[in-house]
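One structure is given below, encoded as structure tokens.
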2 protein chains.
Amino acid sequence: MSTAPDSADRLEVTGYRLTAPRRAVLDAIAHTNRPFTIEELSDRLPNIGRATVFRTIKLLQELEIVCRVPLEDGGVRYERSRSGRHHHHLICSECGSVTEFNDPSLDASIEENATLAGFELDGHSAELYGRCASCRGGGAL
Amino acid sequence: MSTAPDSADRLEVTGYRLTAPRRAVLDAIAHTNRPFTIEELSDRLPNIGRATVFRTIKLLQELEIVCRVPLEDGGVRYERSRSGRHHHHLICSECGSVTEFNDPSLDASIEENATLAGFELDGHSAELYGRCASCRGGGAL
DNA sequence: CGTCGCATTGATACTTAAGCTCAACAACGG
DNA sequence: CCGTTGTTGAGCTTAAGTATCAATGCGACG
Ligand SMILES: [Zn+2]
Ligand SMILES: [Zn+2]
Ligand SMILES: [Zn+2]
Ligand SMILES: [Zn+2]
């Protein structure tokens, strides 16, 4: 049990090679709890080429091991997905933490709106911005 | 009635000057029905400095005259808002058209999830991706 | 009017993020 | 061992947006 055995498995099972650079990326994100940028990740992996970090993260997104978190200011971070399934994000503007949640009725509501508009839905995103419970507790009010 | 009188009013009422460059930008977006990039807009306004186009669009976003549309592939376009109020987008991956919709029950569902997580909600986004009614009608199926 | 002050403009340089290229390399199957 | 294919990484290129800063415009005031 070195790192993220399940993720590694998922890579191999899907037909991709589990190479040393890919393992290094998996390793690095397994040891991070904060959402990260590619640059940050790349800096922590000086022996791995930037392009490879990009490629690997893209790959991991497809496998739903990592997800893309769009910030309120237009920036983007990435986060190792806890659930590995479809979900949405609660993004704290104070501490930057990201919490996943899933709500079938929210998705249903989204689908309903698409149907109403005669739209064939193919994907969607929903991001919630604000202050997380612990930042509220610790700070004012 | 030259262009977008209401938008122009909104600019002035809010204390900003309605200058010639700003009017030109308002004019240009009033005559566009497709979501645009800043570059495209800037190209259509050769007499207006690029920086001014950026500044003006940013201003119009604050006034909710224009809204930022994040695409599925991570790109961004801008669109003159029809409603000028809070809404979400249906984005067609085939023709690129953007339709606004508003659904109080969707927003309620979002707020409920925030509350459940002890989160103080501050803003949110929801984008729907797929094929619009006319692209479906004209194409296959 | 004349003039002062502030908002605005725009050419340009700069920044940052992200993606692409392509030759070298590693793995694998036979 | 050799050819085929997937993978890598240094450096190049693009895109998007921002910073600079002098010049200009406009309004207020006397
Ligand atoms: Zn996520
Ligand atoms: Zn969903
Ligand atoms: Zn909109
Ligand atoms: Zn909403």
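Restricting to segment A:108-131, and then to whatever is out of contact with any strand residue (DSSP E or B) (no Cβ under 9 Å at 6 or more places or on another chain) and within 15 Å of ligand 4 (Cβ to nearest atom), can you tell me which residue is farthest from the other protein chains (Cβ to nearest Cβ)? Step through it out loud before you land on a result.
Here is the first cut: in segment A:108-131, the residues out of contact with any strand residue (DSSP E or B) (no Cβ under 9 Å at 6 or more places or on another chain) are A:108-109, A:112, A:118.
Subset that is within 15 Å of ligand 4 (Cβ to nearest atom): A:109, A:112.
Numbers: A:S109: 5, A:E112: 8 Å.
Checked segment A:108-131; the qualifying residue farthest from the other protein chains (Cβ to nearest Cβ) is A:E112.
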Q: Would you be able to say whether some residue in segment A:64-80 is open to solvent by 30 Å² or more (accessible area, probe 1.4 Å), closer than 18 Å to A:E39 by Cα and away from chain B (no Cβ under 13 Å)?
A: yes
Q. For segment A:90-107, what are the residues that are of a type outside the set (V, I, T), within 16 Å of DNA strand C (Cβ to nearest atom) and within 10 Å of another protein chain (Cβ to nearest Cβ)?
A. none
Q: Run down A:R50, A:R44 and say which single residue is more than 12 Å from chain B (Cβ to nearest Cβ) and surrounded by fewer than 14 Cβ atoms within 10 Å (Cβ to Cβ).
A: A:R50
Q: List every residue pair whose Cβ atoms lie under 7 Å apart, where the two residues are 6 or more positions apart in sequence or sit on different chains, the first residue falls within segment B:11-25 and is within 14 Å of chain A (Cβ to nearest Cβ) and modelled with pLDDT of 65 or more, and the second residue, located anywhere, is assigned to a loop (DSSP other than H, G, I, E, B) and within 11 Å of DNA strand D (Cβ to nearest atom).
A: none
Q | segment A:95-118, residues that are on the phi < 0 side of the Ramachandran plot and in contact (Cβ under 8 Å) with a residue 40 or more places away in the chain | A | A:C95, A:S97, A:V98
(Q) Which of the numbered conditions does B:C92 fail, given that it passes all the others? Conditions: (1) within 16 Å of ligand 2 (Cβ to nearest atom); (2) touching a residue at least 24 places away in the same chain (Cβ under 8 Å); (3) among the hydrophobic types (A, V, I, L, M, F, W, C). (A) (1)
Q) Which of (1) touching a residue at least 12 places away in the same chain (Cβ under 8 Å); (2) within 16 Å of DNA strand C (Cβ to nearest atom) does B:P46 not meet, given it meets every other one? A) (1)
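The values are calculated or read from the model by the stated rules, or taken from the named source; none is laboratory data. Everything numeric in this text was worked out from a predicted model, so none of it was measured. A quick note on method: Cβ atoms are made from the backbone with ideal geometry, for glycine too, and the neighbour counts reach across all protein chains shown. SASA here: full protein model, heavy atoms, side chains in, ligands and nucleic acids out. Shrake-Rupley method; radii C 1.70, N 1.55, O 1.52, S 1.80 Å.
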